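Any read-out appearing in this document is the output of simple, stated calculations on the displayed coordinates, not a laboratory observation. Keep in mind it's a predicted model, so treat the numbers as computed, not measured. Note: ideal-geometry Cβ built from the backbone for every residue, glycine included; neighbour counts use all protein chains shown.
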Amino acid sequence: MVIVTSNKAKRLLFMSFIQHVHPAELKRSQEDVKSLLADLPPGFRLLVDYGPMESMDLACAPEIGRSMELIDQSGVSMVVRVMPDPSKDIGMNILTLFHYRSNPQVVTCDHMADAAKKLSL
């Protein structure tokens, strides 16, 4: 499951990956991402929580890349990832190199509390 929401006042897009994530779920979430990005100004930040995720299908990589490109084109300035279990990472750093052309600041945290501090929330 993928949950996408935003906080316009804090200039924050939030994505959470829950349980077992499959490409079809990522495709369905693209419309939510597009809609929410339309309300965020350039310079917004992205918080991605992989904590509740149990697994992600490797076939999700192309969809993750498309989301990254969409977010990049909308002017993301900072990406904060919460990845408590590095074994569940399907290569986010490599995907970042290819899909974030504007080179936003990227931070990976072990816990949501650390991410909140990085984002001054």
*Would you please state which residues of region 1-18 a label at Asp32 would reach in this model, taking the label point 7 Å out along Cα→Cβ and a backbone N cut-off of under 11 Å?*
1-6, 14-18
*What ranking of Met53, Met1 emerges when the number of other C-beta atoms within 10 Å of each C-beta is taken as an exposure proxy, fewest first?*
Met1, Met53
*For the chain, what does -39500 (n - 2.57) per DSSP helix run (n ≥ 4), summed and divided by total residues, give at 222 nm, in deg cm²/dmol to the nearest 500?*
-10500 deg cm²/dmol
_Taking 8 Å as the Cα distance limit and 6 or more residues as the minimum spacing, I'd like the relative contact order of the chain as a percentage._
24 percent
_Inter-label distance, nm, simple model (7 Å from Cα along the C-beta direction), Asp85/Thr5_ = 2.4 nm
*Arrange Glu54, Glu69, Glu25 by Cβ neighbour counts within 10 Å, fewest through most, would you?*
Glu54, Glu69, Glu25
_Around His111, under 12 Å between beta carbons, what's the net of Lys plus Arg minus Asp minus Glu among the other residues?_
-1
_Sequence of Ser6, Ser120, Ser16 once ranked by neighbouring C-beta atoms within 10 Å, starting from the fewest_ = Ser120, Ser16, Ser6
*asked:* Kirkwood Rh and Cα-based Rg: tell me the resulting Rg over Rh for the chain, rounded to two decimals.
replied: 0.92
*Using a simple spin-label model with points 7 Å from Cα along the Cα→Cβ vector, what separation in nm is obtained for Ala24 and Phe98?*
2.5 nm
